[in-house]
Amino acid sequence: MARPGLAEDWLQWGGPHGDFTVETKGLAEKWPANGPRLLWKRALGDGYSSILCKDGQLLTMYSDGGEEVVVSLNAESGKTNWEHRYIREFWPDMTLQFGPGPNATPLIVRDRIISIGIAGQMRCLDLTSGKMLWKHELSEEFGRKKRVEEYGYSGSPMIHQDKIIVQVGGDLHAVIAFHPEDGAVAWKSEAGGVSYAPATITRIAGRDQYIYFSPEGVVGLDPFTGRTLWRSPIEFNNGNHLTPVVKCDEEHLWVGSQFLTGGGRLLRITDHDGELRAEEVWFDKKLRASHWTLIRLGDHVYGSIGDNNVSFLSAFEWKTGKIAWRQRGFLKAQSLYADGKLLFLDENGQLVLARVSPAGLEVLSKARVADPVAWTIPTLVSTRLYVRDRKHIMALDLSQDGG
């Protein structure tokens, strides 16, 4: 059963609104010296899939030897409700430098969950029992367009108007939409590769859009038909774009990229007699970003800025790219925003509670809660935070009386 006062469930990558902002109240202003109260902690296998929550049930994915596992846990206790296992075979050219995955976050659609494994095994399972309802082997059925560096499937499935949209990166189609009832194909986009950043579904320039990264840049699709609406090229070293786009207003997107040719750029998307165009407003190499989330609050964007070697917790004005402040002492971090506070978990497992504004950063509390490397974005439901690293999953009480 769900807890009394449970806030919005977490059904997809990005949380209730797809932008890592959560409408909840009652977070503590400060934690005890040893950190927020640990409610439970248990072992969980390797992987980076984030944690979904519906009706008191947690769902995620992990690796266990030669198998991938979709797992349902009781949110109150962490005990297993059910598991769905299948044999995972890596592609011959897949690099396991960052582990065996899985990388993508599943998607909950009504009474079912859709998952995608590191080698493209797509499964639709009954949410209550874990029984398989239908499946696709993406690389076998739709081909696979090779990338300069191959780390496997990373794009999380998303939902738009009752269609599941998936980055396939096949030889003939970059993106494919499926019907959730039976897995039948609803539409296919034109050919093209895909990169590693999560896609975004949003309304911009007056139209719903599915926005994703190809190795060559950013692409906007019509989520009803799969038709390409616009493209914006990005100079790249290897095509490994990792940063989710940030919607700034009804015409503007902030786009981050990494490595030597990377930086931050503002795109303006406009409608010209029914045809959409993408214009680069500004570009700044100082605003590089990698595999972490950033949060827009008003005229500023907050989060980790930098590259894989050096990063700062930062704020910048999205209209101009002007940096408001940078704070050392925090490694690459995944960010959430709730109850007027920024919550971020850095890759060393340090959890930080802070207030942010264009004037600066005020750290309220911090504590080491997870082991390196902690790259998975935490999940906040009401005042309970669910965190995983590559060995464990846990629940933390962030409420005012949680100490």
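The values are calculated or read from the model by the stated rules, or taken from the named source; none is laboratory data. Computed from a predicted model, the values in this text were never measured in an experiment. Here Cβ is always computed from backbone atoms with ideal geometry, including for glycine, and neighbour counts include all displayed protein chains.
Among the residues of segment 250-260, are any polar (S, T, N, Q), buried (at least 19 other Cβ atoms within 10 Å of the Cβ) and within 16 Å of I201 (Cα to Cα)? No: zero hits. Restricted to segment 331-351, and to residues there that are part of a loop (DSSP other than H, G, I, E, B) and either within 20 Å of the chain's Cα centre (by Cα) or basic (K, R) (or both), the residue that is farthest from D284 (Cα to Cα) is G349.
Among the residues making up segment 38-61, a single one is of a type in the set (S, T, Y) and more than 17 Å from I108 (Cα to Cα): Y48. Looking across segment 379-395, the residues that are in a strand (DSSP E or B) and closer than 13 Å to A28 by Cα come down to R384, L385.
Suppose the filter is in contact (Cβ under 8 Å) with a residue 40 or more places away in the chain and part of a loop (DSSP other than H, G, I, E, B); does K135 pass it? Answer is no for this residue.
When Q350, Q327 are checked against the criterion of being without any contact (Cβ under 8 Å) to a residue 40 or more places away in the chain, in contact with a Phe, Trp or Tyr (Cβ under 8 Å, 6 or more places away or on another chain) and over 30 Å from G56 (Cα atoms), a single residue qualifies: Q327. Every residue in segment 205-262 that is touching a residue at least 60 places away in the same chain (Cβ under 8 Å) and closer than 15 Å to E149 by Cβ, please. Within segment 205-262, P215, N238, G239, N240 qualify. Checking segment 285-292 against the condition returns a match, with at least one residue being surrounded by 15 or more Cβ atoms within 10 Å (Cβ to Cβ), more than 22 Å from T376 (Cβ to Cβ) and modelled with pLDDT of 90 or more. Within segment 155-169, if we keep just the residues that are within 14 Å of the chain's Cα centre (by Cα), crowded, with 24+ Cβ neighbours inside 10 Å and not aliphatic (A, V, I, L, M), the residue that is modelled with the lowest pLDDT turns out to be G155. In segment 98-105 there is no residue matching the filter, namely being assigned to a loop (DSSP other than H, G, I, E, B), over 21 Å from the mean Cα position of the chain (by Cα) and either basic (K, R) or within 23 Å of A374 (Cβ to Cβ) (or both). When restricted to residues that are within 21 Å of W318 (Cβ to Cβ) and either among the β-branched types (V, I, T) or outside any strand (DSSP E or B) (or both), segment 236-260 contains 13. Residue selection: S365 fails the criterion of being part of a strand (DSSP E or B), among the hydroxyl-bearing types (S, T, Y) and crowded, with 21+ Cβ neighbours inside 10 Å. Among the residues here, I204 qualifies as touching a strand residue (DSSP E or B) at 6+ places or on another chain (Cβ under 9 Å), at pLDDT 95 or above and hydrophobic (A, V, I, L, M, F, W, C). Considering segment 1-59, the residues that are part of a loop (DSSP other than H, G, I, E, B) and acidic (D, E) include one that is modelled with the lowest pLDDT, namely E8.
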